[in-house]
Amino acid sequence: MPLSWDDSNVQIDDGAHVARSAIFEPVDLTGSAQPIVIGRGCRIAPGAVLYGGVVLGEGVVVEDHSVVGKPEFGYAMGHHYDGHAGTCTVGAGSIIRAGAHVYSNVVLGEQVHIGHHTLVRSAVRLGAGTQLAHFVSVERGSQFGGNVRSSPHTHITGGTVVEDRVFFGAGVKTINDKSMVWRAGTPVVLEAPYFAEGAAIGSGSTIAAGVHVGRWALVGSQSLVLRDVPEGVIVVGVPARERGPRPHPDGD
Ligand SMILES: CC(C)(COP(=O)(O)OP(=O)(O)OC[C@H]1O[C@@H](n2cnc3c(N)ncnc32)[C@H](O)[C@@H]1OP(=O)(O)O)[C@@H](O)C(=O)NCCC(=O)NCCS
């Protein structure tokens, strides 16, 4: 049902279905307005909220009560965000499940799945085919390659780099702040972990600040990783220790 929308800031392409109770908010907290673009064949469910700067590719599904393009506002880690909206681009075929929050200045590639109640903060990039399950949090500025998978309840700290085909089990915790000094005016040194291509992180593991997990390495469940993990090995335990090679999943 193409809806005729009388707001000139909202462009709804042919074949899009927009629920009557979907909410469009083109004007950000600084007072500037940006267009909202709903591509062909998109489906916007009841109660979904779309902010100015959102551009949805063809066939994107935004489920009930999810929020897309939300501008950052308030103080966090040495920055004050004034509520200005950038663009939030969602690639064709992506699905944003009910209750998810995707902030402004985000780029989602094609066929990205954002699970129920998952949080994607500003300046995050998720490559094509990436799938995040429910209750995952991806903090500001994290950069994901394509076909990354995350099971529920995993926390990706701000500024984390995740290359293609990385797998996170459930409840993985990542850390970028070793000293935990949180006083106004104190410079905070943040150092996020890095996950190279194909790395697999077992459920319940914690990856410390600045750790580099090598290509196709595997971290066993419930491990505490304090040191860099070389390419192609398995580490387990608290603290994690190497216990042998990991056969390459592609048989290479
Ligand atoms: C690390 C892992 C790959 C090892 O599997 P495996 O090669 O079949 O190993 P085994 O079960 O035969 O155990 C071998 C040894 O490692 C130990 N071990 C296995 N997993 C371990 C872990 N996570 N932490 C500590 N020790 C572990 C075993 O106790 C055993 O020790 P032993 O030789 O002294 O008896 C696997 O146990 C694991 O943790 N996989 C991650 C699964 C996961 O989290 N999936 C997410 C899905 S959402």
Exercise. Quick one: in region 232-252, which of the residues that are over 21 Å from R165 (Cα atoms) and not in a strand (DSSP E or B) is nearest to the ligand (Cβ to nearest atom)?
Worked result: G237
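Run down G69, G41 and say which single residue is assigned to a strand (DSSP E or B), on the phi > 0 side of the Ramachandran plot and not assigned by TED's automatic domain parsing to the domain that holds H153.
Step by step, each of G69, G41 is checked, and only G69 is assigned to a strand (DSSP E or B), on the phi > 0 side of the Ramachandran plot and not assigned by TED's automatic domain parsing to the domain that holds H153.
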Exercise. Identify, please: which residue in region 141-160 is in contact with a strand residue (DSSP E or B) (Cβ under 7 Å, 6 or more places away or on another chain) and farther than 11 Å from R125 by Cα and is, among those, farthest from the ligand (Cβ to nearest atom)?
Worked result: T157
Exercise. Could you say which residue among S104, S179 is among the polar types (S, T, N, Q) and in contact (Cβ under 8 Å) with a residue 40 or more places away in the chain?
Worked result: S104
Exercise. Residues of region 87-105 being crowded, with 24+ Cβ neighbours inside 10 Å and touching a Ser or Thr at 6+ places or on another chain (Cβ under 9 Å), which ones?
Worked result: C88, I96, A100, V102, Y103, S104
Seminar exercise, completed: Filtering region 44-66 down to residues that are part of a loop (DSSP other than H, G, I, E, B) and not charged (D, E, K, R) yields A45, P46, G47, A48, G52, G53, G57, G59, V60, H65, S66
Seminar exercise, completed: Within region 161-183, of all residues that are more than 14 Å from the ligand (Cβ to nearest atom) and β-branched (V, I, T), the one nearest to T206 (Cα to Cα) is T174
Seminar exercise, completed: Considering region 221-231, residues that are part of a loop (DSSP other than H, G, I, E, B) and either more than 11 Å from the ligand (Cβ to nearest atom) or in contact with a His (Cβ under 8 Å, 6 or more places away or on another chain) (or both), and then whichever is nearest to S205 (Cα to Cα), we arrive at L226
For this session: Could you grab the pairs with beta carbons closer than 7 Å, sequence gap of 6+ or different chains, first residue in region 229-241 and surrounded by 20 or more Cβ atoms within 10 Å (Cβ to Cβ), second one acidic (D, E) and in a strand (DSSP E or B)?
Result: V235/E242
Problem set entry | Restricting region 138-182 to residues that are aromatic (F, W, Y) and closer than 25 Å to E72 by Cα, the residue that is surrounded by the fewest Cβ atoms within 10 Å (Cβ to Cβ) | W182
For this session: Would you be able to say whether some residue in region 184-198 is within 12 Å of the ligand (Cβ to nearest atom), over 22 Å from G251 (Cβ atoms), in the same structural domain as K173 (by TED's automatic domain parsing) and out of contact with any Lys or Arg (no Cβ under 7 Å at 6 or more places or on another chain)?
Result: no
For this session: Could you grab the pairs with beta carbons closer than 6 Å, sequence gap of 6+ or different chains, first residue in region 118-138 and in contact (Cβ under 8 Å) with a residue 12 or more places away in the chain and closer than 11 Å to V148 by Cα, second one in a strand (DSSP E or B) and of a type in the set (D, E, K, R)?
Result: Q131/R149
Exercise. List pairs: first in region 207-221 and among the small types (G, A, S), second surrounded by 18 or more Cβ atoms within 10 Å (Cβ to Cβ) and modelled with pLDDT under 95, Cβ under 6 Å, 6+ apart or cross-chain?
Worked result: A209/N176
Problem set entry | A208 more than 8 Å from the ligand (Cβ to nearest atom) and either within 17 Å of Q143 (Cβ to Cβ) or among the acidic types (D, E) (or both) | no
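The values are calculated or read from the model by the stated rules, or taken from the named source; none is laboratory data. Model, not experiment: these values are computed from the prediction. Cβ atoms come from the backbone with ideal geometry, glycine included; neighbour counts cover every protein chain shown.
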